[in-house]
1. Using a probe of 1.4 angstrom, how much of the accessible area of the protein assembly as shown is carbon and sulfur, in percent?
2. Do any of B:2/B:87; A:14/B:119; B:2/B:119; B:47/B:226 go past 24 Å between their Cα atoms, and which?
3. For segment A:288-435, what does the accessible surface come to per residue with a 1.4 Å probe? Please give it in Å².
4. List the aspartates and glutamates whose Cα lies under 15 Å from the Cα of residue B:12, skipping any in the same chain that are fewer than 8 positions away.
5. Please give the per residue accessible area of segment B:3-234, computed with a probe of 1.4 Å over protein heavy atoms only, in Å².
6. Would you calculate the convex hull of the Cα atoms in segment A:5-162 and tell me its volume per residue in Å³?
7. Keeping to pairs on different chains or 8 or more places apart, tell me how many lysine pairs in segment A:69-278 have Cα atoms under 30 Å apart.
8. For residue B:205, put the label point 7 Å out on the Cα→Cβ axis and report which residues of segment B:81-115 keep their amide N under 15 Å from it.
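The values are calculated or read from the model by the stated rules, or taken from the named source; none is laboratory data. Note that the structure is predicted; figures quoted are calculated from it, not measured. Cβ placement follows ideal geometry from the backbone for every residue including glycine, while neighbour counts extend to all protein chains displayed. The area values use the complete protein model at the heavy-atom level, side chains included, leaving out ligands, DNA and RNA. Shrake-Rupley method; radii C 1.70, N 1.55, O 1.52, S 1.80 Å.
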Amino acid sequence: MFSRVIRTIQLGLKSLLLHKLRSGLTMLGIVFGVFSVIAMLAIGEGASKQAQKQIVALGARNIIVRSVKPVEGSSNDQSGGGTPRYGLLRSDLRRLQKTIPEVVSAIPIRELNREARYRKFTMQSRLVGCTPEYQELNQLRLSKGRFISDTDRASRANVVVLAYEVASKLFPIEDPLEDRAIQVGDIYYSVIGVTEPRNASAAIGGSLSGQEFNKDLYIPIETFRARIGDQVYTPKQGGMDSEHVELNQITLEVRDVQDVIRTSEVVRGTLEKFHPQKDFAVVVPLELLKQAEQLRQIFNVVLGSIAAISLVVGGIGIMNIMLATVTERTREIGIRRALGARRRDIIEQFLTETVVLSGTGGMLGIVLGLLTPFAFRMIRSFALNFVLDPKTLSDTSKMFQEMQPEVAPWSLPLAFGISVGIGILFGLYPAQAAAKLDPIEALRHE
Amino acid sequence: MKMAAQVIDLQKHYDLGPVVVKALRGVSLDFPEGDFVAIMGSSGSGKSTLLNLLGGLDRPTSGKYILGGEDVSQMDDTQLSTVRNQKIGFIFQSYNLISQYTVLENIELPLHYRPGHPKLSPVDREKCERMAQRVGLGQRMDHRPFQLSGGQQQRVAIARAMMNDPEIILADEATGNLDSVTSIEIMTLLRNLNDEGRTIIMVTHEPDIAMWAKRQLVMRDGVLFKEIVNEVRTTPQSALAAQEDKAFVDDEVAKATLAALPKTASADPGVVSGAVSGEKKSDNSSKKK
Ligand SMILES: Nc1ncnc2c1ncn2[C@@H]1O[C@H](COP(=O)(O)OP(=O)(O)OP(=O)(O)O)[C@@H](O)[C@H]1O
Ligand SMILES: [Mg+2]
């Protein structure tokens, strides 16, 4: 039985090799079909891995609560003098820590966009008041010095850790750690550390934009409160803008991943009691992760279907050629029938030929598909160097810049299986047409 | 006498809608084992139709066909395929070799369709080579049909027809495309097979060719018109002698052809002995062994 299969395949190969050009061209349809299935899935996979990585960076066990500025006029803010007062409070932080047992830690952040200055160098950056835990939470690595410590917090020290980009902008030559102090507003901070470059995190919903860690300045949150205070004034056109905010963000860490969703509900409920004006938002990375997973599946189905269409087109090409082949080889079919070939034998013969054809095409397509990541990088660097201007790229295309297509191992057998399936599907009709020929008429043919 | 094939009141009608063509209108024939029959008759008399029925390529409208003791007339397509493979050897006017196959592969072909599709054994391969040698193509087993002359191609077809030891050999105008010397070559091969006991039924238009058979059946309008028993049969030697008389072709070629072929039991060595012995060595090297 097995040797017979081998023999039929040899036979199929032989008659295909007889018309190399024709077989090759017919195969191309399948080659590109399989290639595009693999490539599409690889790109989809790469994009979703990228998104997942960014979401995971937010922490699957974390719940992020952000202060949200209520829409102008809609709030019944309790502050006098026209200064809007909104957002999370230090009392919220304490309450969340105390009342929800699942919460392991709660890390507060206060942030403000300010210009940093060192001598004649300036840079727009984000001043972040935080705690030592912030470093681990955001996986910040230091290239120099140390991160802020509890001692810094207690003493409300004027110390700052510079993010990579700020450091290189303000200190193009000098070493920032050598007793240097930078100026933010009218306050001086001495530099105690510099971070390594870090990729931006995912932009998640309207409440939390993608964080670019590279433009940050980290100071102890107590220092922030002591030196700057809750009420801040920001110059704006025609005067000063002021607002009163205690905390911009609280990141809660939950003990067990399974409790994250439920705990986030509790957090929301707890806060709603004290914030009737809804000046906060709860972001759950785990939820985002699940959404991203669903999105990925939809993405795969859509991309896969597009690629499948080209496979079907390839299949029709095969059917076309096989029908022509059957007509061309009518005499041969008649001879085989006269020598004792049953209808089944003829069907097998032609079906094997199409399957060998589409299978070989599938194999070549897989080889091409494996080259996808390489080809993608080439095309991307070409596009970035000659076609697109990197400075004008949006966030989405930055994602395109960083993503790596990943050939999913399961897509290889899938694509090969589909190509063989296409061969059978589209080969069946020509094969049956061949088998149905009347032997006498076939022998009389041309 | 044991029958190789037997047809009883065989009818074949082609229903063409408005008209029904009655190609065979009741033919009854017996073919004893070892028979050598030439079917004659004018064009359209139903010779090919009869031969196709005998070959299991078609089913009769009515009547019986017993082949090797088995009723073949009501078999389905698959069973008929097996019958064609096992009991019938076909030789066609236009050779019908598969052009992309070598001589040897063409000869092997019927073995691939044996019931159960067994793999070719070394014994099978040896038999194929023996057959190729037997029809004088031992040196050309790797050639393809387009590299062969018509006569050589027909010899491949004969070797192929012999592969599964068929009950009967059917030849439809096997010499129709060949010149007279090559026809003698082919007919000599058939004659040898018949002398070994093989049953041969051939259709021909040429009275000369029909004289090689033991008897002639003349058809007319789908029925058997008359039967002629050949009292004096053509032998390879007599055919060649007649050929020489006509001086159609170069003597040397003709003699070489004859010399290359194995002698038949009924050959009369006296007639052309001188010529045969004279040419033997020159051609032996290429055809024998
Ligand atoms: N498939 C067919 N459909 C319709 N009519 C057919 C078919 N095959 C043969 N016939 C008819 O049957 C009759 C006998 O045909 P057949 O081919 O047997 O003649 P033949 O004796 O072999 O003639 P020839 O010597 O020219 O080969 C003819 O009238 C022919 O037209
Ligand atoms: Mg005919």
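1. The C+S portion of the solvent-accessible surface of the protein assembly as shown is 56 percent.
2. Check vs 24 Å cut-off fails for B:2/B:119.
3. With all protein chains present, segment A:288-435 gives 50 Å² per residue.
4. B:58, B:221
5. On a per-residue basis, segment B:3-234 sits at 39 Å².
6. Hull volume over Cα atoms, normalised by residue count, gives 358 Å³.
7. Lysine pair count for segment A:69-278: 18.
8. Only B:93-94 pass the distance filter.
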